[in-house]
1. Looking at this structure, is residue 288 open to solvent by 80 Å² or more (accessible area, probe 1.4 Å), of a type outside the set (A, V, I, L, M), at negative phi and touching a helix residue (DSSP H, G or I) at 6+ places or on another chain (Cβ under 6 Å)?
2. How about segment 136-147: which of its residues are out of contact with any Cys (no Cβ under 6 Å at 6 or more places or on another chain) and in a strand (DSSP E or B)?
3. Would you confirm, using the coordinates I've provided, whether residue 169 is more than 30 Å from residue 114 (Cβ to Cβ) and either within 20 Å of the chain's Cα centre (by Cα) or open to solvent by 20 Å² or more (accessible area, probe 1.4 Å) (or both)?
4. Which of (1) out of contact with any Ser or Thr (no Cβ under 7 Å at 6 or more places or on another chain); (2) closer than 15 Å to residue 330 by Cβ; (3) aromatic (Phe, Trp, Tyr) is the odd one out, the single condition residue 150 does not satisfy?
5. Please count how many residues of segment 305-340 are open to solvent by 20 Å² or more (accessible area, probe 1.4 Å) and within 31 Å of the chain's Cα centre (by Cα).
6. Filter segment 316-334 for residues that are in a strand (DSSP E or B) and among the aliphatic types (A, V, I, L, M) and give the result.
7. Which one of these is crowded, with 20+ Cβ neighbours inside 10 Å and over 22 Å from residue 148 (Cβ atoms): 39, 122, 58, 30?
Amino acid sequence: MENLFRLFDQDQGFFQRKWTLVNGPLIVGAGPSGLATAACLREQGVPFAVLERAECIASLWQKRAYDRLKLHLPKQFCQLPKLPFPEDFPEYPTKRQFIEYLESYAKRFDINPKFNECVQSARYDETSGFWRVKTVSGASKTEFEYICRWLVVATGENAEFVVPDIEGLADFGGEVIHAGEYKSGEKFKGQKVLVVGCGNSGMEVSLDLANHNASPSMVVRSSVHVLPREVFGKSTFELAMLMMKWLPLWLVDKLLLILAWLILGNIEKYGLKRPSTGPLELKNSQGKTPVLDIGALEKIKSGDVQVVPGIKRFSRGQVELVNDQKLDVDSVVLATGYRSNVPSWLQEGEFFSKNGFPKAPFPNGWKGKSGLYAVGFTRRGLSGASSDAMKIARDIGKVWKQETKQQQKRTTACHRRCISLSQL
């Protein structure tokens, strides 16, 4: 039920703001993490509300993913709780198939987010013991406040673009886009394109550009692990998880690098230097995901994709590299990653750190104090988000069921007293 209360502002005078008390937890974000948490809460019998700033679920996938994108891991490692992928989906579902899966997931568990609700702030009110979440909704910028006992932060690791401050970029003159805005290499046919970044996005954008007859140059500023997506027909990730059951992490890393060398060869001669830390250890300690090669390396070896060192500065239609080489460039794609936006709206400093991630390392970063939870910040992909979602739902569900049971007992006792009084 929506309510109105009057507020006073020195500039505006008295004005009204709508508010509502949420029956159950409030989930901020309708991506895979938010949907997984909602589904698990539904299974626990706990009501909830979901807020989403976009006009659709999974906006990162629907609006900020390139056309050729597929899941980098086999589908069994990417499915959300309580619902596997359809059997007829390929091992690595496409972007469109994954979106279809998420839409069917929301429908299956009756998840109906409130769209176009952009959270401005969220703070815990010590006096009332509730979270107060202020939003602005729609084109009208209507202010609204949600009051809830539990707050689930599901805005994820990739809420905002990371755009580096590079000297001269503003004067470059050509098109500059982030990889989140890139859809296809078709519009870049015949162009010289500089791809800044060599992670999974940078590699795949470079591959896509080469396939569309563009001339991509990929900036590799630091070391990077490149692994084959499959080893002898088996997923590299699946193989690593299998070995981790029996072998220490350092040995699994050694074996993965040996297999990568046998399949991919020596990649350092192409300008791709490997880090001294192994791929799994680097992922666990710093959250850096190794590149799973799906064809970009062949383009690098053939010369269709050029590997270049770091950037010194841009000028009109040109880039100067740290080795003083100058390249003519028509367009730039910034495959420079994403970041969490939690610090911009959550007024809390004990559970979340300044970088927008929980301070506690995995697997303990899902629960804070005063009913605050986080899902999708494990740096372990969809499987990590699913694990957090199930923990959160069980935790809230336990309290909800206990309190519901107590309320039912009180109601029953009251009903019996009323019957007794009526018989006097």
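1. yes
2. Those that are out of contact with any Cys (no Cβ under 6 Å at 6 or more places or on another chain) and in a strand (DSSP E or B): 137, 142, 143, 144, 145, 146, 147.
3. yes
4. Here residue 150 clears every test but (2).
5. Count: 11.
6. 319, 321, 327, 332, 333, 334
7. None of the others qualify; the one that does is 58.
Okay, residues lined up against (1) free of Cβ contacts under 8 Å to residues at least 60 places away in the same chain; (2) of a type in the set (Asp, Glu); (3) within 19 Å of residue 193 (Cβ to Cβ):
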position: 292; (1), (2), (3): no, no, no
position: 297; (1), (2), (3): no, no, yes
position: 315; (1), (2), (3): no, no, yes
position: 324; (1), (2), (3): yes, yes, no
position: 329; (1), (2), (3): no, no, yes
position: 340; (1), (2), (3): no, no, no
position: 343; (1), (2), (3): yes, no, no
position: 355; (1), (2), (3): yes, no, no
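The values are calculated or read from the model by the stated rules, or taken from the named source; none is laboratory data. What you see is a predicted model; the values in this text were computed from it and never measured. In this analysis, Cβ positions are derived from the backbone assuming ideal geometry, glycine residues included, and neighbour counts consider all displayed protein chains. Just so you know, the surface numbers come from the protein's heavy atoms only, side chains and all, with ligands and any DNA or RNA stripped out. Shrake-Rupley method; radii C 1.70, N 1.55, O 1.52, S 1.80 Å.
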